[in-house]
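Only the coordinates and a few stated rules stand behind these numbers; no lab work does. As the structure is a computational prediction, the values presented were derived from the model and not from experiment. No Cβ is skipped: glycine too gets one built from the backbone with ideal geometry, and neighbour counts run over all protein chains shown.
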Amino acid sequence: MEALLPQFTFLSDQALQGNKNFDPSAMEDLMKLFEIESYKAWAALELEEEKQVKGAEITMQQEEDYFDSVMETAVDEFRRFEEEMEREAKAEREDHLKFEISEDHLKFLHVAFVKLYYL
């Protein structure tokens with residue numbers, strides 16, 4: 001389009017100077033060329049915008065997939081942690097019950113021993 005500007009300047013100067021060789025149809029043809037060049041530039045911008053939008057959509061999808069993967073991994077890790085904590089709590093309760101039983105047995109044995117000793 002910039003290449004057309006010198007031609008436009010030349011034809012404008014001819015028209016302003018009243019040059020008898022000036023052909024108004026040449027100016028009309030030049031304006032049509034400007035219109036064509038403008039359309040080409042607009043189409044190129046549209047195409048570039050579509051490429052950028054498509055690229056952004058692809059990047060967004062990749063980021064969403066990565067986020068989903070990270071979240072899935074985190075949830076799986078949390079579930080494993082939760083299961084292990086439940087196993088540890090259960091084992092601790094069982095150990096506590098064993099200790100209570102052992103303590104009760106010791107009390108029973110102590111009472112029994114005292115009774116036997118004084119018999």
Within the stretch 11-35, the residues that are under 54 Å from the mean Cα position of the chain (by Cα) and surrounded by 12 or more Cβ atoms within 10 Å (Cβ to Cβ) are MET27, ASP29, LEU30, MET31, LEU33, PHE34
**Q.** Residue in the stretch 51-71 that is under 30 Å from ALA3 (Cα atoms) and part of a helix (DSSP H, G or I) present
**A.** yes
For the stretch 67-119 the number of residues that are hydrophobic (A, V, I, L, M, F, W, C) and under 49 Å from the mean Cα position of the chain (by Cα) is 10
